[in-house]
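Asks: Here it is, the structure in full.
FYI, it's all coordinate maths here, none of it is from the lab. Just so you know, these numbers come straight off a predicted model, no measurement behind them. Cβ placement follows ideal geometry from the backbone for every residue including glycine, while neighbour counts extend to all protein chains displayed.
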Amino acid sequence: MDPIDRRIVAALQADANMSHAALAEQVGSSPASCWRRVRALEAAGVFVRTVRLVDQTAIGLGVNVMCNVRMRSHESNARRNFETFIDDCPEVIECYSMSGDWDYLLRIVAIDVADYNAFLMGRLLNHPSVDGGSSHFALSMTKYTTALPV
């Protein structure tokens, strides 16, 4: 990626609705060249998809929980089954396979503590691959961004 590509990536991370003309002006390129570069970045897999970010509190999801998960088994089938289960849980908005004492780190959103408890006790801890979990409730969100440094 050259400097213009990096400026395009930074600009579109900030505002994906920007017109090609506005984008071209912001990054110092012609609209046609800018459009070709955006298409090339998409083809290269730099841009994966375009989404709208939602304020979670505006839709009633006021609780953020970081949950460490320990697996009963590290066999590939157990991990695959757990990851498939997590893919089907809309309240789990991030999932990371981890090194160290815990196997996974989940970010879970919930309406309130009772809503989270229902998910934790009713679904997550009942999964056959899960040996245990540790929940950490966020008191506030001091930084949140989806923009990567380019």
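Asks: Which of (1) outside any helix (DSSP H, G or I); (2) more than 14 Å from residue 66 (Cβ to Cβ); (3) touching a Phe, Trp or Tyr at 6+ places or on another chain (Cβ under 9 Å) does residue 108 not meet, given it meets every other one?
Replies: If we test residue 108 against (1) outside any helix (DSSP H, G or I); (2) more than 14 Å from residue 66 (Cβ to Cβ); (3) touching a Phe, Trp or Tyr at 6+ places or on another chain (Cβ under 9 Å), just (2) comes out false.
Asks: Output the residues belonging to the range 12-53 that are exposed (fewer than 13 other Cβ atoms within 10 Å of the Cβ), part of a helix (DSSP H, G or I) and within 19 Å of the chain's Cα centre (by Cα).
Replies: The one that is exposed (fewer than 13 other Cβ atoms within 10 Å of the Cβ), part of a helix (DSSP H, G or I) and within 19 Å of the chain's Cα centre (by Cα): 14.
Asks: Oh, and also: Tell me which residues, restricted to the range 70-93, are in contact with a strand residue (DSSP E or B) (Cβ under 9 Å, 6 or more places away or on another chain), assigned to a loop (DSSP other than H, G, I, E, B) and closer than 17 Å to residue 132 by Cβ.
Replies: Once the filter is applied, which keeps residues that are in contact with a strand residue (DSSP E or B) (Cβ under 9 Å, 6 or more places away or on another chain), assigned to a loop (DSSP other than H, G, I, E, B) and closer than 17 Å to residue 132 by Cβ, the range 70-93 yields 72, 73.
Asks: From the list 116, 96, 144, pick out the single residue that is in a helix (DSSP H, G or I) and of a type in the set (Phe, Trp, Tyr).
Replies: On the way: 96 fails: in a helix (DSSP H, G or I); 144 fails: in a helix (DSSP H, G or I).
Step by step, each of 116, 96, 144 is checked, and only 116 is in a helix (DSSP H, G or I) and of a type in the set (Phe, Trp, Tyr).
Asks: To continue, here is another question. It is to be established whether one or more residues within the range 74-87 are aromatic (Phe, Trp, Tyr) and touching a residue at least 24 places away in the same chain (Cβ under 8 Å). Explain how you work it out, then say what you get.
Replies: Going through the range 74-87, the residues aromatic (Phe, Trp, Tyr) turn out to be 82, 85.
The next check asks that each one be touching a residue at least 24 places away in the same chain (Cβ under 8 Å); those that pass are 82, 85.
Yes, the range 74-87 contains a residue that is aromatic (Phe, Trp, Tyr) and touching a residue at least 24 places away in the same chain (Cβ under 8 Å).
Asks: Right, something else. For the subset of the range 69-84 comprising residues that are surrounded by fewer than 16 Cβ atoms within 10 Å (Cβ to Cβ) and basic (Lys, Arg), which member is nearest to residue 119 (Cα to Cα)? Before you say what the answer is, go through the steps one by one.
Replies: At the first step, the residues of the range 69-84 found to be surrounded by fewer than 16 Cβ atoms within 10 Å (Cβ to Cβ) are 70, 72-77, 80-81, 83-84.
Keeping just the survivors that are basic (Lys, Arg) gives 70, 72, 80.
Working: 70: 16, 72: 19, 80: 20 Å.
Checked the range 69-84; the qualifying residue nearest to residue 119 (Cα to Cα) is 70.
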